[in-house]
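**Q** Right, I'll just put the structure down here and ask away after.
Read-outs: derived from the displayed coordinates by stated rules, not from any lab. A quick note: this is a predicted structure, and the numbers were derived from the prediction, not measured. Neighbour counts run over all protein chains shown; Cβ positions are idealised from the backbone, glycine included.
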Amino acid sequence: MSVTGTPFEIPLSDVRVAEDEIAAAADALRSGWLTMGPRTAAFEEAFAQRLGCRHAIAVANGTAALHLAYLAAGIGPGDEVIVPSYTFVATAAAVVACGAAPVFADVLGAHDPSLDPDDVATRITPRTRAVAVVHFAGYPAPVDRLRALCDEHGLALIEDAAHAPVATLHGRALGTWGLAGCFSLFSNKVLSVGEGGVVVTDDDDAAQRIRLLRSHAMTTGTFDRHLGRALSYDVVDVGFNYRLDEPRAALALARMAKVDADVARRRVLTRRYRDLLAGVDGIGVPYEDAAIDDSSCYVMPVMLDDADRRDALCVTLRERHGVQTSILYPPAHRFTAYVQRQGATSLPRTEDAAAREVTIPLYGHLTAEQQERVVGALADALKRPVTA
Ligand SMILES: *Cc1c(COP(=O)(O)O)cnc(C)c1O
């Protein structure tokens, strides 16, 4: 069975699973042990080693990773967590799941839609317990400055590194700058298995709490009992079923071996896109060229000069050129659920960037010819008059 009947000639992302990766998942199925077990442990060890941190804890998805990281930071009812609005909504939703309130902060601008440490500083109150930062598109947010700010105010720094496996800042892996870093293994992410997530931390107490809460805070696991190591268990907290299973852990481990090569190709393609886009009027690209070597290049965002052209441009790309686009992100503070919870907030730079952003196709095996077609399609769409 081939890919899901996409109408697009050039889709936004295009996941390929290699035969050895399928074989690794099939091995897990043949083993007869399907839930969390030795393959999950092996994946965790490989992930921690690659990132250079003490603990990696595999979980059911990236949202669960955020929820557990926030709980490990002690976040609960009455607390505030400062989060970007320019993100996937999970960054904020996981705060609400803890019974706490997300406080949205603004980004630096369309040239760098990362959380602005100066804006974060103005939003700290006696209730603030943590700051969550997102490495948008895989490019490092200023976690060095945010870490210093958090240390100064006694706040936990949580990194939502869903876009940014094996990305760095000053040579240090993103996800390892604060108390905990959260990754997603969702289908369209850089390291994808369908559904899955990882929390990393150097803090032994946080790691222990995350492991406990991942599996209903039981003092022994089903696999321990399977191995005859334990007969029963106590429950020492109120936890969740946020476990990963073995076929996906096996897939993740097999795909992990290729993530550096994939990111290297994404960087080459990103540079090429930037060269091609430099010749197109009416469009800019965020981030400096120098940041590409630090980035996982998860997606390729571009910023239109004129937000009013965006809808027509996306339709032209789809209808005339078969090119899929996406908008990352509709800002979270504008979503009905968040306006209802906390009223209208104004974040001018987030709103500006979010109104002008278009994400264009990027994946490791995208060809040079496809890139030229995408950029040609953008140039064509921008030449068309805007019709009201
Ligand atoms: C994908 C994503 C998540 C959530 O991960 P899931 O695995 O889909 O739960 C959280 N934050 C960001 C920024 C994401 O892109």
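**Q** May I ask for the angle, rounded to the nearest 10°, between helix 310-321 and the longest principal axis of the chain, with both axes built from Cα atoms and the value confined to 0 to 90°?
**A** 80 degrees
**Q** For the chain, with the dipole built from +1 on Lys and Arg beta-carbon atoms and -1 on Asp and Glu ones, taken about the Cα centre, which of Ala60, Val198, Ser85 lies farthest toward the positive end?
**A** Final value for the positive-end residue is Ala60.
**Q** Provide the per-residue ³J(HN,Hα) series for the range 100-113, in order, calculated from phi with Karplus coefficients 6.51, -1.76, 1.60 and θ = phi - 60°, each as a whole number of Hz, with x at glycine and proline positions.
**A** Result, ordered by residue: 9, 10, x, 10, 7, 10, 8, 9, 5, x, 5, 6, 7, x Hz.
**Q** Rank-order 249-256, 274-281 by packing density, defined as the average count of other C-beta atoms within 10 Å over each peptide's residues, highest first.
**A** So the order, starting with the most tightly packed, is 249-256, 274-281.
**Q** Pull up all non-local amide H partners of Gly194: gap of 5 or more, or a different chain, and H-to-H distance under 5 Å with H placed in the peptide plane.
**A** Ser187
**Q** Using just the helices of the chain, give the 222 nm mean residue ellipticity in deg cm²/dmol: DSSP H runs with n ≥ 4 each add -39,500 (n - 2.57), and the total is spread over all residues, rounded to 500.
**A** One gets -12000 deg cm²/dmol as the mean residue ellipticity at 222 nm.
**Q** Read phi for every residue in the range 154-162 and hand back ³J(HN,Hα) as whole Hz from Karplus 6.51 cos²θ - 1.76 cosθ + 1.60, θ = phi - 60°, with x for Gly and Pro.
**A** x, 10, 7, 9, 10, 9, 8, 9, 4
**Q** Please sort 228-239, 171-182 by packing, taking for each peptide the average over its residues of neighbouring beta carbons within 10 angstrom, highest first.
**A** For the peptides 228-239, 171-182, the packing ranking is 171-182, 228-239.
**Q** Then there is this: In the chain, with Lys and Arg counted as +1 and Asp and Glu as -1 at Cβ, which of these residues, Leu146, Gln342, Phe183, has the Cα nearest the positive end of the dipole, that is, farthest along it?
**A** Selected residue: Phe183.
**Q** Can you tell me, using C-alpha contacts under 8 Å and at least 6 residues apart, the relative contact order of the range 259-383 as a whole percent? It would help to have the intermediate numbers written out before the result.
**A** Working: 143 pairs, mean separation 43.3, N = 125.
Relative contact order comes out at 35 percent.
**Q** Here's something else I'd like to know. Taking H as built 1.01 Å from N, whose amide H comes closer than 5 Å to the amide H of Val103, not counting residues under 5 places away?
**A** Placed amide hydrogens put Val81, Ile82, Val83 under 5 Å from Val103.
**Q** If the only charges are +1 at each Lys and Arg Cβ and -1 at each Asp and Glu Cβ, what is the size of the charge dipole of the range 171-253 around the Cα centre, to the nearest 20 debye?
**A** That gives a dipole near 220 debye.
**Q** While we're on this one: Would you report the distance distribution of C-alpha pairs in the range 259-383 as whole percents per 10 angstrom bin, up to the bin with the largest distance?
**A** All Cα pairs, binned at 10 Å, distribute as 12, 40, 32, 14, 2 percent.
**Q** Where does the range 317-388 land on Rg/Rh, using Cα atoms and the Kirkwood Rh?
**A** Details: Rg = 16.3 Å, Rh = 14.7 Å.
Ratio of gyration radius to Kirkwood radius for the range 317-388: 1.11.
**Q** Debye calculation, C-alpha points only, no solvent: report log10 I(q)/I(0) for the chain at q = 0.07, 0.08, 0.12 Å⁻¹, in the same order as the q values.
**A** Debye intensities relative to I(0), on a log10 scale: -0.32, -0.42, -0.94.
**Q** On C-alpha positions alone, give me the angle between the axis of helix 38-51 and the longest principal axis of the chain, in degrees, nearest 10.
**A** Taking Cα atoms only, the helix is inclined about 50 degrees.
**Q** Kindly write out, for the range 197-207 in residue order, the coupling ³J(HN,Hα) from the Karplus curve 6.51 cos²θ - 1.76 cosθ + 1.60 (θ = phi - 60°), rounded to whole Hz, with x marking Gly and Pro.
**A** x, 9, 10, 10, 7, 9, 8, 5, 5, 4, 4
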